[in-house]
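K.L.:
I have a structure here, written as structure tokens, and I will follow up with some questions on it.
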DNA sequence: TAGTCAAAAGTCAAAGATGGTCAGAGGGTG
DNA sequence: CACCCTCTGACCATCTTTGACTTTTGACTA
């Protein structure tokens, strides 16, 4: 694998998958030691790979007996998924390509979009397609994503 | 061989052929070193020799663990349909909802989009979704439709 | 009970590692 | 000579890695 962050990401996802439970608890220090990196690297991995829009929930506690708990959120109701994604849109004034991609993939994982549809929509919403309108890009993405979700919420 | 670009092109195609996989991943820096040229020469080669029309798809990532991935794709057999639709886009400075609908339906009839995909795209490209930007609406529609056709031009 | 301390985890900004862009110089060919 | 490729390098954008400094928490102590 190319970089340590990807390796740690894979490792954590593997652990998550193997433990049947919906959540795993890790010690930041331990993971850092295992992969010979600084502890804050673990925060980086979590902040970039285990985000809310990707369907992960992370809690932690400091001090003695501290831990980081990573939970995979599985929402069974379409309306719940859409509602939570719309909240995320609310929370982000700027909608980067990265965030859009995460959201679309999430919709795929929740069974609401096909792989092809994700690819299709991603291209339409890409920086390249939207062009130079850097300022309006975010606005347009928001509106189109909202339109998409509205459409998906029927049926 | 005349110039370094041709040499690099041949080399990359060779590697692509030898690796049974449909894609190869390279490090720009490495290739540049191997052929003793500046890194941006690699971009030149890729931009001129590995285009979509020639049947290649290129993705990349910057930063630590960055890479350039070159993928061989099969071009869609209906290039003529796409070309004629692109001509239509050229001819219309303003892209009304109606025109968008016609184009999408045409793509459906040609078997390049499913009914659901048409519905989805139509909603995203509607006046309502694009919002108040009446001026830019046409521009954005054009760009997004072009992005769509570019995507549809290969499998 | 309040205060202190050590053991976690969190934050943030700088440095490092790649790839991308673009405009202008260089060169070959009709 | 004109034109079209090629080549180059300065500058930019993005992602990752690191480490110094901060905050939180529980246990222990006065």
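The values are calculated or read from the model by the stated rules, or taken from the named source; none is laboratory data. Everything numeric in this text was worked out from a predicted model, so none of it was measured. Glycine also receives a Cβ, built like all others from the backbone with ideal geometry; neighbour counts cover every protein chain displayed.
K.L.:
Does residue B:84 count as out of contact with any helix residue (DSSP H, G or I) (no Cβ under 7 Å at 6 or more places or on another chain), away from DNA strand C (no atom under 16 Å from the Cβ) and within 30 Å of residue B:105 (Cβ to Cβ)?
P.N.:
Working: out of contact with any helix residue (DSSP H, G or I) (no Cβ under 7 Å at 6 or more places or on another chain): yes; away from DNA strand C (no atom under 16 Å from the Cβ): yes; within 30 Å of residue B:105 (Cβ to Cβ): yes.
In short, yes.
K.L.:
Can you find even one residue in region B:16-29 that is assigned to a helix (DSSP H, G or I), loosely packed, with under 14 Cβ neighbours inside 10 Å and away from DNA strand D (no atom under 16 Å from the Cβ)? Before the answer, list the steps.
P.N.:
Looking only at region B:16-29, we keep the residues that are assigned to a helix (DSSP H, G or I), and these are B:16-18, B:28-29.
Now drop any that are not loosely packed, with under 14 Cβ neighbours inside 10 Å, which leaves B:17-18, B:29.
Subsequent filtering for residues that are away from DNA strand D (no atom under 16 Å from the Cβ) retains B:17-18.
Yes, the conditions are met somewhere in region B:16-29.
K.L.:
Taking the options B:33, B:13, name whichever one is more than 29 Å from residue B:79 (Cβ to Cβ) and surrounded by 11 or more Cβ atoms within 10 Å (Cβ to Cβ). Steps first, answer last, please.
P.N.:
Values: B:13 fails: more than 29 Å from residue B:79 (Cβ to Cβ).
Of B:33, B:13, the one residue that is more than 29 Å from residue B:79 (Cβ to Cβ) and surrounded by 11 or more Cβ atoms within 10 Å (Cβ to Cβ) is B:33.
K.L.:
Going through A:56, A:44 one at a time, which residue ends up being more than 22 Å from residue A:80 (Cβ to Cβ), within 16 Å of DNA strand D (Cβ to nearest atom) and either surrounded by 13 or more Cβ atoms within 10 Å (Cβ to Cβ) or in the same structural domain as residue A:108 (by TED's automatic domain parsing) (or both)?
P.N.:
Numbers: A:56 fails: more than 22 Å from residue A:80 (Cβ to Cβ).
After ruling out the rest, the residue left standing is A:44.
K.L.:
To continue, here is another question. I'd like the full set of residues that are exposed (fewer than 13 other Cβ atoms within 10 Å of the Cβ) and in contact (Cβ under 8 Å) with a residue 12 or more places away in the chain, limited to region B:60-78.
P.N.:
Let us first name the residues in region B:60-78 that are exposed (fewer than 13 other Cβ atoms within 10 Å of the Cβ), namely B:62-64, B:74, B:77.
Selection gives B:74 alone.
K.L.:
Just to confirm my filter: which helices (runs of 4 or more DSSP H) fall fully inside region B:66-155 and include at least 3 residues that are more than 7 Å from chain A (Cβ to nearest Cβ), within 21 Å of the chain's Cα centre (by Cα) and modelled with pLDDT of 95 or more?
P.N.:
On the way: elements: B:79-91, B:97-109, B:115-125, B:127-130, B:134-152.
Of the helices (runs of 4 or more DSSP H) lying wholly inside region B:66-155, those with at least 3 residues that are more than 7 Å from chain A (Cβ to nearest Cβ), within 21 Å of the chain's Cα centre (by Cα) and modelled with pLDDT of 95 or more span B:79-91, B:97-109, B:115-125, B:134-152.
K.L.:
Scan region B:110-130 and give yes if some residue there is in contact with a strand residue (DSSP E or B) (Cβ under 9 Å, 6 or more places away or on another chain) and more than 16 Å from DNA strand D (Cβ to nearest atom), otherwise no.
P.N.:
Narrowing region B:110-130 to residues in contact with a strand residue (DSSP E or B) (Cβ under 9 Å, 6 or more places away or on another chain): none.
Taking every residue of region B:110-130 in turn, none turns out to be in contact with a strand residue (DSSP E or B) (Cβ under 9 Å, 6 or more places away or on another chain) and more than 16 Å from DNA strand D (Cβ to nearest atom).
K.L.:
I'd like the full set of residues that are more than 17 Å from the chain's Cα centre (by Cα), in a helix (DSSP H, G or I) and within 14 Å of chain B (Cβ to nearest Cβ), limited to region A:30-55. Give the derivation first.
P.N.:
Keep residues of region A:30-55 that are more than 17 Å from the chain's Cα centre (by Cα), which gives A:30-41.
Those still in the list that are in a helix (DSSP H, G or I) too: A:30-34, A:39-41.
A:41, the sole residue that qualifies.
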